[in-house]
Amino acid sequence: MKHRIFNASLILSAMLISFTSCSNKQSQTAKERDVFAMDTFMTMKAYGDSADIALEQAENRIHELENCLSVTNQESEIYKINSADGAEVPVSYDTALMVEAGVFYWQETKGALDISIYPVLSEWGFTTGDFHVPDTATISKLLEKVDGGSIEVNDFTVKIPSGSKIDLGAIAKGYTGDEIMEIFQNNGITSALISLGGNVQALGSKPDGSDWRVGIKDPFSPDTNMCVVSISDKAVVTSGNYERCFTGDDGKEYWHIIDPDDGFPADNGLVSVTVIGEKGLRCDALSTALFVAGTDEAQSYLRNYRDVDAVLVTDDGKILYTDGLSKCIEISSDMPSEVIPYD
């Protein structure tokens, strides 16, 4: 695969707790915009004299990306790729970059993130609302077409094998957040906070210079926060088993994060993964991938790739967090917690 568009070096480089405005050189009042897109509610708040213009541009960009990346919109490029029966499909810069990012993270996470998992996800009903537990024979058949390494990106074309389908849901909101941050910066905004269906991303600090405080939900009690992290110029993205789940006829809970190894909801020791870093795309991808990878592999990954921080919650009720968060995390939960040690 030709990596002419997606620059890996760039990627290595709601839950608001408080929002305080103080005197600064720009507008002291936060301008706000609410949007429903990508099947979720989004909120944006920005300070600055050009905040209204920036928010308008950001909303337009959100809808532009949604129309391009939707897996169900018949006019979208992703739909055309999935319907091409193995043929090469011309695509825009955004689609090419994001598909290539999906392949990159498939490689980096050893298949834990796989954008070709869509047929299995759909069979479970997470894309249609027809929730049910598929039989193992059906899943096994669908898994034959799940292979992130079979996706080809060449300049501005994408090709996938006949019978395969891709879905960028695991990275789309992260990329969208990065795009919004760029729009804000281009408009002179220096202080802003957005929440894209739970993907929180901050531009700069609060107007008074203090950090933003972002709550992370308790996966065992999602109506409460288990901790708060203080951030500036960072994204905070969480994947948990309490989101988009249903109870099967067998009485068990099933969630939408599918393990590409067996086609069932990932159940490898983690119930929640929050990733904090400079780029929303990277945080979005890794929150899903580390959830799938499980407790041991997630910790191993975080020791090797120290450009992000993370908060992991295990299924036996323990909070694990990277050392980089030691000075900016406040834990309010009764769950025992410990720092993930570096090797």
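The values are calculated or read from the model by the stated rules, or taken from the named source; none is laboratory data. Model, not experiment: these values are computed from the prediction. Using ideal geometry, Cβ is built from the backbone for each residue, glycine included, and neighbour counts are taken over all protein chains shown.
Structure summary
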| item | result |
| --- | --- |
| Matching residues in region 55-69 - criterion: being in contact with a Ser or Thr (Cβ under 8 Å, 6 or more places away or on another chain) and buried (at least 17 other Cβ atoms within 10 Å of the Cβ) | 62, 65, 68, 69 |
| Boolean, residue 327 is surrounded by fewer than 20 Cβ atoms within 10 Å (Cβ to Cβ), among the basic types (Lys, Arg) and closer than 24 Å to residue 223 by Cα | no |
| Candidate set from region 227-268 (those that are touching a Cys at 6+ places or on another chain (Cβ under 6 Å) and among the small types (Gly, Ala, Ser)); member that is farthest from residue 122 (Cα to Cα) | 230 |
| Complete set of residues in region 31-80 that are in a strand (DSSP E or B) and among the aromatic types (Phe, Trp, Tyr) | 36, 41, 47 |
| Enumeration of residues in region 70-81 that are modelled with pLDDT of 95 or more and surrounded by 20 or more Cβ atoms within 10 Å (Cβ to Cβ) | 77, 78, 81 |
| Helices (runs of 4 or more DSSP H) within region 92-162 that include 1 or more residues in contact with a strand residue (DSSP E or B) (Cβ under 6 Å, 6 or more places away or on another chain) | 93-108, 118-123 |
| Scope region 184-202; condition farther than 16 Å from residue 287 by Cβ, touching a helix residue (DSSP H, G or I) at 6+ places or on another chain (Cβ under 7 Å) and buried (at least 24 other Cβ atoms within 10 Å of the Cβ); matching residues | 184, 189, 192, 194 |
| Residue ranges of strands (runs of 3 or more DSSP E) in region 215-270 with at least 2 members in contact with a helix residue (DSSP H, G or I) (Cβ under 6 Å, 6 or more places away or on another chain) | 235-240 |
| Lone unmet requirement of (1) within 16 Å of the chain's Cα centre (by Cα); (2) in a strand (DSSP E or B) for residue 321 | (1) |
| Those residues of region 82-110 which are farther than 19 Å from residue 158 by Cβ and surrounded by 17 or more Cβ atoms within 10 Å (Cβ to Cβ), in sequence order | 108, 109 |
| Some residue of region 14-23 being of a type outside the set (Lys, Arg), closer than 28 Å to residue 143 by Cα and either part of a helix (DSSP H, G or I) or at pLDDT below 95 (or both) | no |
| Neighbours by Cβ (under 9 Å, 6+ apart or cross-chain): first from region 213-228, buried (at least 21 other Cβ atoms within 10 Å of the Cβ); second among the basic types (Lys, Arg) | 214/234; 226/217 |
